[in-house]
Amino acid sequence: MLSEKYEVARDDYANAGRVSSQVKQYLSSLGVSSDVLRRIAVACYEAEINMIIHAWGGAINLNVTDDGVIQLIFKDVGPGITDLEKALTPGWSTASEEARSFGFGAGMGLVNIKRVSDEFDIVSSEEGTTLTIGFKVS
Amino acid sequence: MMKSVITYTLDSCRKCLKCLKFCPTGAITLDNGRVFISDEKCINCGKCVEACHNQGIQAKGSTLIDIKNYDYTVCIVPSSLIGHCKTRQEVEEMFYAIKELGFDEVVDMTDIEGQIHDEVRKYSLYSNNACNISSFCPVVNKLIQVKYPMLLQNIIPINYPSEVAAKRIRKIHKDKENLGIFNCCECESKLSLAKYPYGNTSYEVDHALSIVDIFPLIRANMGKGRLKLSLCKEGLQSCNPYMMLVDENDLVADGFEKIINVLEHAEFGLLKDFKLLELFPCFNGCIGGRLLWGSSYLIKSNFFALIDGDEKRISNISFDELYNDKITKEVKDDRTIQEKLQFFAKVNAKLDKLPGYDCTACGLPSCRVMAEEIVNGNKTLSDCKILVRKEV
């Protein structure tokens, strides 16, 4: 089992995507096949951006288990998602004008993450949100 | 497999390791004072040639002597070369001068380049996917295979312009036995397209000539005669990102750093608004090819003057002949995930002991590669110049 931990800071638009690049680089050196890596890259980027624009930063954990499951846990400190069902509806967004001006906040983030991942779990409260996604590698 | 056309000349190498540092794919290693270039990793981008101050690394094409091996020879001239001429008269003189080198026929491929650019745009427009990547440049295709395999499926399966042109020439001259096709190349990567171009199982171009090698000979023949020809405007435009026809669906980028940036963004799915990515590793597109001697800005201004004349329409080759489904393939890794994990853990353990400067002093492109070599048993920690220094 391999584990890596990365930090994401609140409103840190300048470094948006930095962790995703590191995760991609790490898994690519491991030798994860490109079809899986493609899905991980898309999901990880979306989730990382979510932490920056919606939450107040947090941590990303990357685990690779011995039976070949790549797990990404995005644990943020933040306002939480009041209505999870709505958040999983395509096009629904609460992103600020500032975030939208950067091209984020189209309301497809969680929808896309769920679509590309093999395992998807989200828990949210007022203290923060934890998103766990998994990908199977053969 | 695409063979590296970049070779190492022992005499002038000063072991300065600049080539190792500049190689974007880590294809170069130095062992026992000798530079090795990996055919598997080399993308023929020419960064090492640019970095080397001692002419220790060069790109070699075929020579004109090869003409003697054929009964009938045809030379293909790409659009970018034409930009060296200021007037139509000069172009016709240049074509005549090239023919005088010993070819039976000299043909321009402006019409084919024009059609390929047009087909690529049509393909991407009717495709359901975003981010189709144009496939005319072997450097981009191989860079994607080596470093961005996630995007391999985005490469448009249309063959290289020179291969399409050569195929057409073979069709026209199917009665001729022992036909030799030569391509005049403006960059290192195009040199690699003769005989087994990347992704292809067969080849149509027999020999690639480096334009810098034959230019003095061409110049000596200039002004001796003219070869009547007409040029295709779209073809000339297609080799410069600032002249080509584009719309809001297209993303055009030139320069190696820029295309790396585009590929990184594409991998994260950020470029979904674009149907087509046209990527030129050379600054200013193909007219910025390293083997061309003039300024690419001047070539561009010459193009404006040249396209203002009698025009040849883009060619009308059927899609079957342009198509090449074999152009992209992923390098297979047969190890199971458990084997990969084990190896990766061992490499990371060694990597922790290495300084992590990626200084290349050991002759390997990065500390990670060094760690892998240690795990493979080819190197030991004492081969690290920094660690040895610290012990002293």
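Since every read-out is calculated from the coordinates, none of them should be taken as a lab result. Bear in mind the structure is a predicted one, so any value in this text is a computation, not a measurement. Positions of Cβ are backbone-derived with ideal geometry, glycine not excepted, and every protein chain shown enters the neighbour counts.
Assorted remarks:
- Using the Cβ-Cβ distance between residue B:247 and residue A:25 with R0 set to 51 Å, the FRET efficiency from 1/(1 + (r/R0)^6) comes to roughly 0.90.
- Three-way shape call for segment B:64-322 based on the alpha-carbon gyration tensor, with the a/c threshold at 1.5: prolate
- B:71, B:104 arranged by Cβ crowding within 10 Å, fewest neighbours leading: B:71, B:104
- Modelled spin-label separation between residue A:56 and residue B:171, with each label point placed 7 Å from Cα along the Cα-to-Cβ direction: 6.8 nm.
- Straight-distance crosslink candidates among aspartates and glutamates, where the alpha carbon sits under 19 Å from residue A:114 and sequence neighbours closer than 8 are dropped: A:35, A:46, A:48, A:76, A:83, A:85, B:267
- For segment B:335-392, size of Cβ-based charge dipole, Lys and Arg +1, Asp and Glu -1, in debye: 60
- Angle between chain A longest axis and helix A:34-53 axis [Cα atoms, degrees, rounded to 10]: 30
- 17 Å reach of a label modelled at residue A:86, 7 Å along Cα-to-Cβ, counting backbone N of segment A:115-129: A:124-126
- Taken residue by residue and averaged, Cβ atoms of other chains lying within 10 Å of the Cβ of B:335-342 number 5.
- Of the trypsin sites (Lys or Arg not before Pro) found in segment B:219-254, those that fall in a DSSP loop while having at most 12 other beta-carbon atoms within 10 Å are B:224, B:228.
- Take each peptide in B:107-118, B:14-25, count the other Cβ atoms within 10 Å of every residue, and average; sorted highest first, the result is B:107-118, B:14-25.
- Sum of -39500 (n - 2.57) over DSSP H runs of 4+, divided by residues of the protein assembly as shown (222 nm, nearest 500): -10500 deg cm²/dmol
- With Cα atoms as the point set, the radius of gyration and Dmax of segment B:249-318 evaluate to 15.7, 45 Å.
- Around residue B:235: net Lys/Arg minus Asp/Glu count, Cβ-Cβ under 13 Å: -4
- Taken about its Cα centre, segment B:64-322 carries a charge dipole of about 260 debye when Lys and Arg each add +1 at the Cβ and Asp and Glu each add -1 at the Cβ.
- For the pair residue B:321 and residue B:72 in one chain, pulling the backbone fully straight at 0.36 nm per residue adds 87.3 nm over the alpha carbon distance.
- Segment B:345-390 and segment B:182-243 have Cα centres spaced 43 Å apart.
- Per-residue shielding of A:29-38, expressed as the average number of other chain Cβ atoms within 10 Å of the residue Cβ, stands at 6.
- Beyond 26 Å in Cα-Cα separation lie the following of the pairs B:99/B:174; B:346/B:385; B:60/B:167; B:122/B:332: B:122/B:332.
- Proximal aspartates and glutamates to residue B:224, defined as alpha-carbon separation beneath 15 angstrom and excluding residues fewer than eight positions away on the same chain: B:90, B:92, B:93, B:100
- Summing Lys and Arg as +1 and Asp and Glu as -1 over all other residues whose Cβ lies under 10 Å from the Cβ of residue B:60 gives a net charge of -2.
- Point-to-point label distance, residue B:380-residue B:338, nm (Cα→Cβ direction, 7 Å offset): 3.2
- Applying both filters, DSSP loop and at most 14 other Cβ atoms within 10 Å, to the GluC sites (Glu not before Pro) of segment B:188-270 gives B:248.
- For chain B, the share of DSSP beta bridges that are antiparallel, to the nearest 5, is 25%.
- A cut-off under 15 angstrom between Cβ atoms defines the neighbours of residue A:11, and their net charge, with Lys, Arg +1 and Asp, Glu -1, is -3.
- Cross-link table A:24/B:340; A:24/B:350; B:18/B:147; B:142/B:233; A:75/B:275, entries beyond 26 Å C-alpha to C-alpha: B:142/B:233; A:75/B:275
- When the chymotrypsin sites (Phe, Trp or Tyr not before Pro) in segment B:270-313 are filtered for DSSP coil states and for at most 10 other beta-carbon atoms within 10 Å of their beta-carbon, the remaining sites are B:293.
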